[in-house]
Each structure stands twice: as C-alpha cells, then as structure tokens.
Amino acid sequence: MKPEHVIELVRHRMEQARAALTDAKFLLDGQRTPQSVINRSYYAMFYAALALLQTIGKTPSKHTGVIGIYDTEFMRRGVFPKESSIAFHDAFDARLVSDYQPVREATRDEAASILARAQGFVVEVDTYLKAHPQ
C-alpha cells in the first residue's frame, strides 16, 4: 500500500475511534444501556488498534487477530504498557458478554469503567501516532 494511503487509513481509523468515544460518553450521560456504552467503548479501542496496525502493514480480518497483533507488536515490545492490553482484552470480553450473553446484564459502573479505560487507550495510541508519523 502506498504511504499516502496508509496515512489516510490511520487518520480515518482514529476519527472512527474518537467518534465511538463521543458516542459512548453520550450514551452513558444519557442513561442509555450499559451494553451500548460498552459496545462503543470497545469499538473505539478496536479502531485505534486498527490505526496502529496500518502503520506496520498488518490488518487481520478478525477481532482476535487485531488484539493478538496489538499484543505482539506493541505491548510485548514495550511500546504500550500491559495495562493497555488488559483494558483492550477486558473491553473485548465485556462486549462479547453484553452482546451475546444477554442473561448477564452489564452494570452502569462496568460501562463507565470500560469507557474510561477506552479513553485512555485511544489517547495513548493517538499520542504514539503523533510522535511516530508515517
């Protein structure tokens, strides 16, 4: 892929991440379902991770692939702290439970925690990308 296309994809994915965070906050503040907040919070992290993976030319088709490559290429190499990876995994797991196992309802506190961690994750990725332009 041409460098200018990578730059555009990274920019687009980070815009998606910021929009998902805005949506999650709007939903939380509007007393909407914790499931919705968790979903948008997770997707904010997912889009930010996709932006990172674009910079190294890796774009897996599955969510677990994105998380795995994030861990291998960025967390294990010390680019991001382990806590960021844990937050990403926790958000992924919470989204799966709230989307596909409706027997267990997520709480507002869980949703708020995941949103806060997603905000931190997106800021970390954005800071890294600005310090390492393509």
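The values are calculated or read from the model by the stated rules, or taken from the named source; none is laboratory data. Here the structure is a predicted model, which means the values were calculated and not measured. Note that we place each Cβ from the backbone using ideal geometry, even for glycine, and neighbour counts take in every protein chain shown.
With respect to I67, is the statement that it is touching an Asp or Glu at 6+ places or on another chain (Cβ under 8 Å), buried (at least 18 other Cβ atoms within 10 Å of the Cβ) and part of a helix (DSSP H, G or I) true? No. Just to be sure before I move on: is R95 of a type in the set (K, R), under 18 Å from L21 (Cα atoms), at pLDDT below 95 and surrounded by 13 or more Cβ atoms within 10 Å (Cβ to Cβ) in the structure I sent? Yes: the conditions hold for R95.
Here is the figure for segment 83-99: residues that are in contact with a helix residue (DSSP H, G or I) (Cβ under 6 Å, 6 or more places away or on another chain) and more than 15 Å from K62 (Cβ to Cβ) total 6. Can you find a residue that is assigned to a loop (DSSP other than H, G, I, E, B) and either touching a Ser or Thr at 6+ places or on another chain (Cβ under 9 Å) or surrounded by 15 or more Cβ atoms within 10 Å (Cβ to Cβ) (or both) anywhere in segment 42-54? There is no residue in segment 42-54 that is assigned to a loop (DSSP other than H, G, I, E, B) and either touching a Ser or Thr at 6+ places or on another chain (Cβ under 9 Å) or surrounded by 15 or more Cβ atoms within 10 Å (Cβ to Cβ) (or both).
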